[in-house]
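The values are calculated or read from the model by the stated rules, or taken from the named source; none is laboratory data. Only a predicted model underlies this, so the values are computations on that prediction, with no experimental measurement involved. Cβ coordinates were reconstructed from backbone atoms using ideal geometry, including for glycine residues, and neighbour counts include every protein chain displayed.
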Amino acid sequence: MKNIDLHTKDQQYYLPTFKRIPLTFVKGKGSKLWDIENKEYTDMLAGIAVNNVGHCHPKVVEAIQDQAAELMHISNFFVSPAQVALSELLVKISGMDRIFFTNSGAESVEGAIKIARRYAHSKGRGGKIISMENSFHGRTLATIATGQPKYQEGFGPMPSGFIQVPFNDLEALKKEVNQDVTAIILEPIQGEGGIIPAEKPYLQAVKQLCEEEDIVLIFDEIQSGIGRTGYWFAKDLYGVQPDIMTLAKGLGGGMPIGAFLCNEKIAGSIQYGDHGTTFGGNPMATAASLATLKVIVEENLRQAAKEKGNWLKENLQALQKKFQIIQDIRGEGLMLGIVLSVPAIEIMQKLLKAGFITNATAGNVLRLVPPLNIEQKALENFLTAFELVLIQHEKENNEQ
Ligand SMILES: *Cc1c(COP(=O)(O)O)cnc(C)c1O
């Protein structure tokens, strides 16, 4: 079937939730993607920070193929070798004590909220959750209640017990803290909200506040985790340990899998039957995840994310000096945001025509979250293409 026919059918059948870009992808390898017309693209988005080891990494493909031929699913009534191995590995690299597997980011956040409330209730505290303005924690009902008002419109009544405060504002946070508050949830680096990092003293002060007040600190590392910032998790960049941490996106190298981890303090309030899942952490998903994490270790991809990220950031900052439409470059490692003075979608579309996949978020931010193993050459080519797009954009604007 031709691209245009597929697009037409898609428009007819798929619930119109995503405004699709009329491109059909059929193949991927490393940082490259090919559309149905065999045009090659460089992927600077990685399926929204998912393909951290690139598309179809041979080790991940092999792990999935082998596991599919052996055993795909058994339910969590039983033990599976891949899940045990992955649990042990994630607990060790995170410094947390316990893990629970889910199928997505939003589900991980839902679970995190549930166990945080369970802990608070065991201490006789209220159930309120404080989240940050401009945050993103998913699209289920509880996770939209934590997030931006635009995602809540028309979906009321919202679940109760959620309060929002401005990000990076300690005084605003302190004003809301009392015995009714269970937990504070935040992204150490806001992703969807436009790649906005927490300030280090702020995050350290939030941690201290949580300890003093016995409030559960939840870090949503669904986008910032799994090597993205040059560290296993962004918490390591800040040197702040949360009580609960959520993961998904890059965790499965493309397979849908999420998780939340917690410390023994939280785990102590959980009893058999308190939470559950049918698919979460099944042999297929955990085998893929285990292979993905091994690739990150074997290929030194945290180091790569740090070095390539720094190199890319410096070169983007050099472009910022040349082009007025670039207002700021934010982020860490290979989680970067280019803040523009124009809608980012205009630049995103021009880059797409030139064969580079990026993403516009928060209106004027161009988000770059490429595979951690993207080649230096691909980054150089991206910079060249980006500069040409900026020149072209300037020219068009001068003509108007
Ligand atoms: C993407 C994202 C989510 C939601 O993940 P889904 O898998 O789409 O449910 C939650 N939190 C953060 C920080 C994210 O980036």
*Among all residue pairs at least 6 apart or on different chains, which show Cβ distances below 7 Å where the first residue, located in the range 238-263, is free of Cβ contacts under 8 Å to residues at least 40 places away in the same chain and the second is of a type in the set (A, V, I, L, M, F, W, C)?*
PRO242/LEU217; PRO242/ILE218; PRO242/PHE219
*Subset tally (residues that are touching a residue at least 24 places away in the same chain (Cβ under 8 Å) and under 28 Å from ILE222 (Cβ atoms)) for the range 1-26*: 2
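Yes/no matrix, rows are residues, columns are (1) out of contact with any Gly (no Cβ under 9 Å at 6 or more places or on another chain); (2) modelled with pLDDT of 95 or more:
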{"residue": "PHE356", "(1), (2)": "yes, yes"}
{"residue": "ALA360", "(1), (2)": "yes, yes"}
{"residue": "GLU375", "(1), (2)": "no, yes"}
{"residue": "THR384", "(1), (2)": "yes, yes"}
{"residue": "VAL389", "(1), (2)": "yes, yes"}
{"residue": "GLU396", "(1), (2)": "yes, no"}
*asked:* Filter the range 91-128 down to the residues that are more than 24 Å from LEU237 (Cβ to Cβ), away from the ligand (no atom under 12 Å from the Cβ) and outside any helix (DSSP H, G or I) and list them by number.
replied: PHE100, PHE101, LYS123, GLY124, ARG125, GLY126, GLY127, LYS128
*SER31 versus (1) at pLDDT 95 or above; (2) of a type in the set (Gly, Ala, Ser); (3) away from the ligand (no atom under 16 Å from the Cβ); (4) outside the structural domain of LEU336 (by TED's automatic domain parsing): which is the lone unmet condition?*
(4)
*Search result, residues across the range 87-105 that are surrounded by 23 or more Cβ atoms within 10 Å (Cβ to Cβ) and closer than 16 Å to LEU141 by Cα*: GLY105
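Any residue in the range 385-396 that is within 28 Å of GLY253 (Cα to Cα) and without any contact (Cβ under 8 Å) to a residue 40 or more places away in the chain? Steps first, answer last, please.
Filtering the range 385-396 down to residues within 28 Å of GLY253 (Cα to Cα) leaves 385-386.
Now restrict to residues that are without any contact (Cβ under 8 Å) to a residue 40 or more places away in the chain: 385.
Yes, some residue in the range 385-396 is within 28 Å of GLY253 (Cα to Cα) and without any contact (Cβ under 8 Å) to a residue 40 or more places away in the chain.
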*In the range 237-259, which residues are crowded, with 24+ Cβ neighbours inside 10 Å, over 13 Å from the mean Cα position of the chain (by Cα) and within 14 Å of the ligand (Cβ to nearest atom)?*
PRO242, ILE244
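Matching residues to (1) away from the ligand (no atom under 15 Å from the Cβ); (2) surrounded by 14 or more Cβ atoms within 10 Å (Cβ to Cβ):
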| site | (1), (2) |
| --- | --- |
| SER160 | yes, no |
| PRO166 | yes, no |
| GLN190 | no, yes |
| ILE196 | no, yes |
| VAL206 | yes, yes |
| GLU212 | yes, no |
| GLN223 | no, yes |
| LYS235 | no, yes |
*Scan the range 147-179 for residues that are at pLDDT 95 or above and either assigned to a helix (DSSP H, G or I) or not assigned by TED's automatic domain parsing to the domain that holds GLN223 (or both) and jot them down.*
LEU170, GLU171, ALA172, LEU173, LYS174, LYS175, GLU176
*Among the candidates LEU293, LEU368, which residue alone is in the same structural domain as ILE64 (by TED's automatic domain parsing), buried (at least 19 other Cβ atoms within 10 Å of the Cβ) and not aromatic (Phe, Trp, Tyr)?*
LEU293
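May I ask you to list the residues in the range 129-140 that are more than 15 Å from the chain's Cα centre (by Cα) and either closer than 25 Å to ASN282 by Cα or away from the ligand (no atom under 15 Å from the Cβ) (or both)?
Step one: filter the range 129-140 for residues more than 15 Å from the chain's Cα centre (by Cα), giving 129-133, 140.
Across the range 129-140, the qualifying residues are ILE130, THR140.
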_Quick check on ASN300: is it away from the ligand (no atom under 15 Å from the Cβ), surrounded by 24 or more Cβ atoms within 10 Å (Cβ to Cβ) and not acidic (Asp, Glu)?_
no
*Tell me which residues, restricted to the range 1-33, are in a helix (DSSP H, G or I) and touching a strand residue (DSSP E or B) at 6+ places or on another chain (Cβ under 8 Å).*
ASN3
*Output the residues belonging to the range 109-138 that are buried (at least 20 other Cβ atoms within 10 Å of the Cβ) and at pLDDT below 95.*
ARG125
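Condition first: assigned by TED's automatic domain parsing to the domain that holds SER104, farther than 24 Å from SER75 by Cβ and of a type in the set (A, V, I, L, M, F, W, C). Can you find one or more residues in the range 254-271 that meet it? First the steps, then the outcome.
Within the range 254-271, the first condition is being assigned by TED's automatic domain parsing to the domain that holds SER104, and the residues that meet it are 254-271.
Next cut, farther than 24 Å from SER75 by Cβ only: 263-266, 268-269.
Among the residues that remain, those that are also of a type in the set (A, V, I, L, M, F, W, C) are: 266.
Within the range 254-271, one or more residues are assigned by TED's automatic domain parsing to the domain that holds SER104, farther than 24 Å from SER75 by Cβ and of a type in the set (A, V, I, L, M, F, W, C).
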*Can you find a residue in the range 73-85 that is surrounded by 15 or more Cβ atoms within 10 Å (Cβ to Cβ) and not in a helix (DSSP H, G or I)?*
yes
